[in-house]
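Okay, so here's the structure we're looking at.
The values are calculated or read from the model by the stated rules, or taken from the named source; none is laboratory data. Here the structure is a predicted model, which means the values were calculated and not measured. Cβ placement follows ideal geometry from the backbone for every residue including glycine, while neighbour counts extend to all protein chains displayed. Each accessible area value is taken on the protein alone, full model and side chains, heavy atoms only, with ligands, DNA and RNA left out. Shrake-Rupley method; radii C 1.70, N 1.55, O 1.52, S 1.80 Å.
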Amino acid sequence: METLFRAYASEKKVDASRLRFFSLRNEPIQADDTPESLGYDDNVNDHIDLLVIVHSIMIHVKDEGGEEIHIKMARTSKMAKAFSAYASRKEVDVRSLQFFSVRDKDKAIDADDTPESLGYNDSDADIKLLVRRRRDTDTNSPTTAWI
């Protein structure tokens, strides 16, 4: 099944380590499994239906200058994890930043949101964010400017 996994990942342009494969009976399928070990008869015209779940998601955070930082995290993790990682790499206070989805530029993303709560599903491999620096350090201030 490893060859099938790699081919699927290549077609979807996703790192194979970010994918988990399951049978329609919700049984995990491993790279070293074979159709025979999964109970499929080689002499019958069986086909194997797979459910693919992207286990992790890549967050792409881009500033106005075009610099992009990539952060890999679990789909169920709070966005605060990505925000903190970005702030740490840029050596700035996370409270001085505001993050927006490229998909919905008018709405700021909350630190308690998760990829799932933002509507990203198992077929989504990436989230693209824009980051802006708040003009003042008041974390409740909606006024922002590009950094």
Subset of the range 54-92 [assigned to a loop (DSSP other than H, G, I, E, B) and exposed (fewer than 14 other Cβ atoms within 10 Å of the Cβ)]:
HIS55, GLU64, GLY65, GLY66, GLU67, THR76, GLU91
I want to confirm something. Restricting to the range 3-16 and keeping residues that are open to solvent by less than 60 Å² (accessible area, probe 1.4 Å) and at pLDDT below 80, which single residue is nearest to ASP126 (Cα to Cα)?
VAL14
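Given the residues ARG135, ARG103, ARG95, which is the only one that is modelled with pLDDT under 85, farther than 23 Å from VAL14 by Cα and surrounded by fewer than 17 Cβ atoms within 10 Å (Cβ to Cβ)? First the steps, then the outcome.
Values: ARG103 fails: farther than 23 Å from VAL14 by Cα; ARG95 fails: modelled with pLDDT under 85.
Going through ARG135, ARG103, ARG95 in turn, just one is modelled with pLDDT under 85, farther than 23 Å from VAL14 by Cα and surrounded by fewer than 17 Cβ atoms within 10 Å (Cβ to Cβ): ARG135.
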